[in-house]
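Only the coordinates and a few stated rules stand behind these numbers; no lab work does. Worth saying up front: this structure is predicted, and the values here are computed from it rather than measured. Because the Cβ atoms are built from the backbone with ideal geometry, glycine has one as well, and the counts that use them run over all protein chains shown.
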């Protein structure tokens with residue numbers, strides 16, 4: 001088993017935000033290693049009845065790079081949110097801990113799992129938040145964000161692993 005970093009891109013900041021993409025990457029927090037667990041899906045917007053789309057977030061996406069806009073908002077290769085959550089669940093169930101950069105991602109994912117009556121695939125004690133750790137180690141640099149959920153996971157893992165080394169954390 002290993003840890004899993006999760007990142008999502010959305011069209012709102014509310015708990016019931018419409019989800020554009022979901023990325024996840026497995027890793028060992030105490031080394032520089034990534035596992036072969038990699039997950040990335042672009043989510044079909046029409047499969048998300050009742051999920052929020054906020055005008056200011058849509059405007060914000062309009063100010064992002066053309067590549068980021070195309071990846072997050074392009075129409076090709078999308079799957080239904082329920083299917084994306086089911087696939088993600090399988091990875092989460094196999095993970096020791098799940099990480100994100102703050103509570104935003106987990107709040108939205110939890111709302112989506114509940115909306116589709118899917119079992120929540122994590123226990124409260126598995127949820128780890130890396131933002132606090134990064135604040136303890138400002139020397140590792142700032143978190144970059146290109147708004148590609150999988151690329152952001154890789155960036156977040158890199159900074160987290162560096163931070164844990166600086167803090168001399170060898171186990172949880």
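Given the range 74-167, what whole percent of its Cα pairs are spread farther than 17 Å? Summing the P(r) tail past 17 Å for the range 74-167 gives 58 percent. Residues of the range 94-128 falling in the label zone of residue 145, defined by backbone nitrogen less than 15 Å from a point 7 Å along Cα to beta-carbon, are 100-108.
Straightening the chain between residue 36 and residue 83 buys 14.8 nm, computed as 0.36 nm per residue apart minus the Cα-Cα spacing.
Would you mind checking the tilt of helix 104-115 against the longest principal axis of the Cα atoms of the chain, expressed as 0 to 90 degrees and rounded to 10? Between the helix axis and the principal axis of the chain, the angle is about 50 degrees. Separation of the range 30-74 and the range 115-172 by C-alpha centroid, Å? Going from one Cα centre to the other spans 18 Å. The C-alpha atoms of the chain define a longest principal axis, and helix 81-93 lies at about 20 degrees to it. Counting DSSP beta bridges in the chain, what percent are antiparallel, to the nearest 5? Taking every DSSP beta bridge with both residues in the chain, the antiparallel ones total about 60 percent. Per residue, the average separation of C-alpha pairs within less than 8 Å and at least 6 apart gives the chain a relative contact order of 30 percent.
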